[in-house]
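Working notes, beginning with the structure itself.
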Amino acid sequence: VVPDKPGIVRKDLLSVYLSAANARKYKILRTDFDEAKLRQVTLNALGFFHQHLCFDSEYDLSTDTALYCTELVLKAFRQSNIVFPDIVPQKVKLLVNSYDVIMPGSFLVNSHFTAIEAK
């Protein structure tokens, strides 16, 4: 789910998600967690999809009834008991309100993630 296309959590093909129509720039990150742990994280993320959760337009990390993109990723890891204390919200002004938001770039500074492709 992305802010310019609010709705429910959905799955897209990577080719669609990263297409020129949807993304001007991107980075693909690899993590150093083992396959079993990542399988569990993936199942957690799919669980959010199957719950038909909506986009979290309030960017509220304290609720689980709606999610935004990086919140979904963090909570999928957290459900597998993986916590990233150095990934913290940043104050962002969107339209008329300010929100504490986990920005995608926060993953780039975490030692568990390495960029493997970028455009």
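Give the ranking of 42, 65 by solvent-accessible surface, highest area first, calculated with a 1.4 Å probe. Write down the numbers at each step before the final one.
Working: 42 80, 65 110 Å².
Final ranking, largest accessible area leading: 65, 42.
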Solvent-accessible area, 1.4 Å probe, carbon plus sulfur percent, for the chain: 58 percent
Partner lysines for residue 37 [C-alpha distance under 20 Å; skip if fewer than 8 residues away on the same chain]: 75
Loop chymotrypsin sites (Phe, Trp or Tyr not before Pro), segment 21-119, which have at most 16 other Cβ atoms in a 10 Å radius of their Cβ (DSSP): 26, 33
FRET efficiency, residue 109 to residue 52 (Cβ-Cβ, R0 41 Å, nearest 0.05): 0.80
Trypsin sites (Lys or Arg not before Pro) restricted to DSSP loop in segment 24-108 with at most 16 other C-beta within 10 Å: 24, 25
Probe 1.4 Å - accessible area at residue 117, Å² to nearest ten: 100 Å²
Accessible area (Å², per residue) of the chain, counting only protein heavy atoms and a probe of 1.4 Å: 67 Å²
Among 36, 45, 20, residue whose mean-square fluctuation peaks in a GNM of the chain (springs only between Cα atoms under 10 Å): 20
Amide proton proximity set for residue 103, modelled H, under 5 Å, gap of 5+: 90
Most fluctuating residue given options 109, 96, 73, as computed from a GNM of the chain linking Cα atoms under 10 Å: 96
Length added when fully stretched, residue 78-residue 98, from 0.36 nm per residue minus Cα-Cα: 4.7 nm
Of 15, 80, 106, the one that fluctuates the most in a GNM where the chain has Cα springs shorter than 10 Å: 15
Segment 21-40 versus segment 58-119: alpha-carbon centroid distance in Å: 13 Å
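The values are calculated or read from the model by the stated rules, or taken from the named source; none is laboratory data. Keep in mind it's a predicted model, so treat the numbers as computed, not measured. Cβ: placed from backbone, ideal geometry, glycine included. Neighbour counts: every protein chain shown. Ligands, DNA and RNA are excluded from the accessible area calculation, which covers all protein heavy atoms including side chains. Shrake-Rupley method; radii C 1.70, N 1.55, O 1.52, S 1.80 Å.
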